[in-house]
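Peer 1: This is the structure, below, for whatever I ask next.
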Amino acid sequence: MQDFHYQNGTKIIFGRETEASVGQELKKYTNKVLLHYGGGSIKKTGLYDKVMHSLHEAGIEVFELGGVKPNPRLSLVRKGINLCQEQEIPFILAVGGGSVIDSAKAIAAGVHYEGDVWDLFCGVAVEHECLPLATILTIPAAGSETSSGTVVTNDEIGLKRSFGHESLRPVFSILNPELTFTLPTYQTACGIADMLAHVLERYFTNERHVDITDRLCEATMKSIIDNGLRVMNDPFNYDIRAELMLAGMIAHNGSLDMGRIGDWASHDIEHELSGMYDIAHGAGLAIIFPAWMKYVYHHDVNRFAQFGSRVFNLEINLNHPEETALLAIEKLESFFKALGLPTSFSDADLPTDHIEELAQKLVCDCDSVGNYVPIKEADALEIYRLAL
């Protein structure tokens with residue numbers, strides 16, 4: 001087990017009607033806020049009016065910036081940075097899913113940075129404090145409501161990159177499972193794939209003697225799979241939605257990282273996919289993760305067999321654990337299919353004549369990605385081929 005430091009300062013406000021408290025919570029930190037949101041769904045559902053009412057009752061001055069798209073765009077981030085600088089806005093409230101929160105974090109990181117915010121996504125170290133932010137979560141998926149990371153797409157060059165800093169963890173996050181009742185089925189499915197992938201990235205590690213976090217990962221994955229299948233047939237069940245919302249948070253709040261080094265190659269490989277084709281991140285992960293597994297499982301067959309046994313209740317073939325490992329990969333792929341997600345380029349109607357370019361972009365600023373098995377350009381190309 002690795003030595004580690006762990007701290008997560010995000011206050012979680014979980015339950016029914018909790019969005020009504022946003023004004024009083026924000027008042028503890030600021031009297032001026034940038035309200036950041038997406039394409040208008042929060043207005044259709046009435047959430048926007050509830051939030052504005054709460055903010056105005058608390059006497060908070062509100063500036064708005066909507067228009068966040070899935071795979072949030074750098075161009076809108078720059079617009080938000082300019083707005084915060086011009087109006088001297090000291091705090092950001094993100095209302096939406098992972099894309100909105102990631103966009104808000106990128107704005108928060110860029111306001112006090114003297115150069116272009118994209119520098120931070122290209123490896124420039126942060127030597128300043130980011131603006132504080134808070135969230136009201138509407139899509140359980142990315143785990144951005146308690147994480148220190150953000151991912152944006154540079155729409156000028158088609159690159160999707162991540163960046164992290166501890167000061168980007170939200171001050172507080174409001175999680176009301178009722179806000180997810182109106183999510184389209186496909187969006188729910190993409191969110192489930194995303195949160196499951198966050199656990200898988202941590203689970204496949206070379207670190208030994210991490211039984212506690214292994215078991216925590218396995219329990220979280222089982223809960224995501226069980227409730228993910230249930231919600232497809234019972235979308236207005238509060239308890240199921242609450243389980244998924246809590247699972248999405250736990251999957252990415254850092255608690256499953258303790259003492260271990262995760263992989264993250266599949267996320268990097270998928271980022272090229274959604275950066276080029278604008279596919280939903282969760283759908284891209286459903287395509288890439290099984291392909292990555294098929295390529296690397298031989299690195300530690302016993303861990304893949306353990307995954308099959310503890311998560312999918314498979315009996316390990318002690319004489320041929322590879323058989324169990326491969327069956328576990330099939331089970332994961334079948335789960336994604338049961339959610340209605342694509343598991344190949346062809347399922348998603350993606351072009352197949354740019355995979356060399358995808359592989360090249362993946363390592364354009366590094367030699368390899370991933371910690372479990374370092375993935376170089378040639379490896380990435382083979383993984384993309386397995387995903388065709």
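The values are calculated or read from the model by the stated rules, or taken from the named source; none is laboratory data. These numbers were taken from a predicted model, which means no experiment stands behind them. Cβ placement follows ideal geometry from the backbone for every residue including glycine, while neighbour counts extend to all protein chains displayed. Note: areas computed on protein heavy atoms with side chains; ligands, DNA, RNA excluded. Shrake-Rupley method; radii C 1.70, N 1.55, O 1.52, S 1.80 Å.
Peer 1: Please go through (1) in contact with a strand residue (DSSP E or B) (Cβ under 8 Å, 6 or more places away or on another chain); (2) among the hydrophobic types (A, V, I, L, M, F, W, C); (3) open to solvent by less than 60 Å² (accessible area, probe 1.4 Å) for Trp264 and return the number of the only condition it doesn't satisfy.
Peer 2: (3)
Peer 1: Now a separate question. Counting only residues that are in contact with a Leu (Cβ under 8 Å, 6 or more places away or on another chain) and either aliphatic (A, V, I, L, M) or at pLDDT below 95 (or both), which one in the range 286-304 is surrounded by the most Cβ atoms within 10 Å (Cβ to Cβ)?
Peer 2: In this case the residue turns out to be Ala286.
Peer 1: How many of the residues making up the range 151-186 are hydroxyl-bearing (Ser, Thr, Tyr) and at pLDDT below 95? Give the derivation first.
Peer 2: Pass one, the range 151-186, residues hydroxyl-bearing (Ser, Thr, Tyr): 153, 162, 167, 173, 180, 182, 185-186.
If we keep only those that are at pLDDT below 95 too, we end up with 153, 162, 167, 182.
Matching residues across the range 151-186 total 4.
Peer 1: Also, quick follow-up: Taking the range 321-348 only, how many residues are of a type in the set (A, V, I, L, M, F, W, C) and either open to solvent by 50 Å² or more (accessible area, probe 1.4 Å) or assigned to a loop (DSSP other than H, G, I, E, B) (or both)? Write out each step before concluding.
Peer 2: Residues of the range 321-348 that are of a type in the set (A, V, I, L, M, F, W, C), as a first pass: 325-329, 332, 335-336, 338-339, 341, 345, 348.
Retained after the next criterion (residues that are either open to solvent by 50 Å² or more (accessible area, probe 1.4 Å) or assigned to a loop (DSSP other than H, G, I, E, B) (or both)): 326-327, 338-339, 341, 345, 348.
Within the range 321-348, residues that are of a type in the set (A, V, I, L, M, F, W, C) and either open to solvent by 50 Å² or more (accessible area, probe 1.4 Å) or assigned to a loop (DSSP other than H, G, I, E, B) (or both) number 7.
Peer 1: Quick one: Ile316 ticks every box in (1) in a loop (DSSP other than H, G, I, E, B); (2) open to solvent by less than 40 Å² (accessible area, probe 1.4 Å) bar one, so which box is it?
Peer 2: (2)
Peer 1: In addition: Pro374 passes all but one of (1) open to solvent by 70 Å² or more (accessible area, probe 1.4 Å); (2) modelled with pLDDT under 95; (3) not charged (D, E, K, R); which number fails?
Peer 2: Evaluating Pro374 over (1) open to solvent by 70 Å² or more (accessible area, probe 1.4 Å); (2) modelled with pLDDT under 95; (3) not charged (D, E, K, R) leaves (2) as the failure.
Peer 1: The conditions are (1) more than 21 Å from Tyr372 (Cα to Cα); (2) at pLDDT 95 or above; (3) assigned to a helix (DSSP H, G or I), and Ser274 fails exactly one of them. Which is it?
Peer 2: Going through (1) more than 21 Å from Tyr372 (Cα to Cα); (2) at pLDDT 95 or above; (3) assigned to a helix (DSSP H, G or I) one by one, Ser274 breaks only (2).
Condition check ((1) touching a residue at least 12 places away in the same chain (Cβ under 8 Å); (2) under 18 Å from Lys294 (Cα atoms); (3) among the charged types (D, E, K, R)) across all residues:
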residue: Pro342; (1), (2), (3): yes, yes, no
residue: Ser368; (1), (2), (3): no, no, no
residue: Asn371; (1), (2), (3): yes, yes, no
residue: Lys376; (1), (2), (3): yes, yes, yes
residue: Glu382; (1), (2), (3): yes, yes, yes
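Peer 1: Here is a further query. Whether any residue in the range 79-87 is surrounded by fewer than 21 Cβ atoms within 10 Å (Cβ to Cβ) and assigned to a loop (DSSP other than H, G, I, E, B) is what I want to check. Break it down stepwise before answering.
Peer 2: In the first step, residues of the range 79-87 are kept if they are surrounded by fewer than 21 Cβ atoms within 10 Å (Cβ to Cβ); the result is 79, 82-83, 85-87.
Among the residues that remain, those that are also assigned to a loop (DSSP other than H, G, I, E, B) are: none.
No, every residue in the range 79-87 fails to be surrounded by fewer than 21 Cβ atoms within 10 Å (Cβ to Cβ) and assigned to a loop (DSSP other than H, G, I, E, B).
Peer 1: Out of all the residues in the range 161-176, is one or more touching a Ser or Thr at 6+ places or on another chain (Cβ under 9 Å), buried (at least 23 other Cβ atoms within 10 Å of the Cβ) and under 21 Å from Leu273 (Cβ atoms)?
Peer 2: Scanning the range 161-176 turns up at least one residue that is touching a Ser or Thr at 6+ places or on another chain (Cβ under 9 Å), buried (at least 23 other Cβ atoms within 10 Å of the Cβ) and under 21 Å from Leu273 (Cβ atoms).
Peer 1: For the range 2-61, how many residues are crowded, with 18+ Cβ neighbours inside 10 Å, in contact (Cβ under 8 Å) with a residue 40 or more places away in the chain and part of a helix (DSSP H, G or I)?
Peer 2: 10
Peer 1: With under 21 Å from Ala348 (Cβ atoms) and over 17 Å from the mean Cα position of the chain (by Cα) as the only criterion, which of Gly191, Gly228, Gly158 stands out? I'd like the intermediate steps shown before the answer.
Peer 2: Numbers: Gly191 fails: over 17 Å from the mean Cα position of the chain (by Cα); Gly228 fails: over 17 Å from the mean Cα position of the chain (by Cα).
The conditions single out Gly158.
Peer 1: Against the definition (out of contact with any Leu (no Cβ under 7 Å at 6 or more places or on another chain), in a loop (DSSP other than H, G, I, E, B), closer than 15 Å to Phe91 by Cα and not hydrophobic (A, V, I, L, M, F, W, C)), how does Lys69 come out, yes or no?
Peer 2: Details: out of contact with any Leu (no Cβ under 7 Å at 6 or more places or on another chain): yes; in a loop (DSSP other than H, G, I, E, B): yes; closer than 15 Å to Phe91 by Cα: no; not hydrophobic (A, V, I, L, M, F, W, C): yes.
Here the answer is no, as Lys69 does not meet what is asked.
Peer 1: Considering (1) open to solvent by less than 50 Å² (accessible area, probe 1.4 Å); (2) of a type outside the set (D, E, K, R); (3) more than 20 Å from Ser75 (Cβ to Cβ); (4) without any contact (Cβ under 8 Å) to a residue 60 or more places away in the chain, say which one Pro184 fails and leave the rest.
Peer 2: It fails just one condition, (1).
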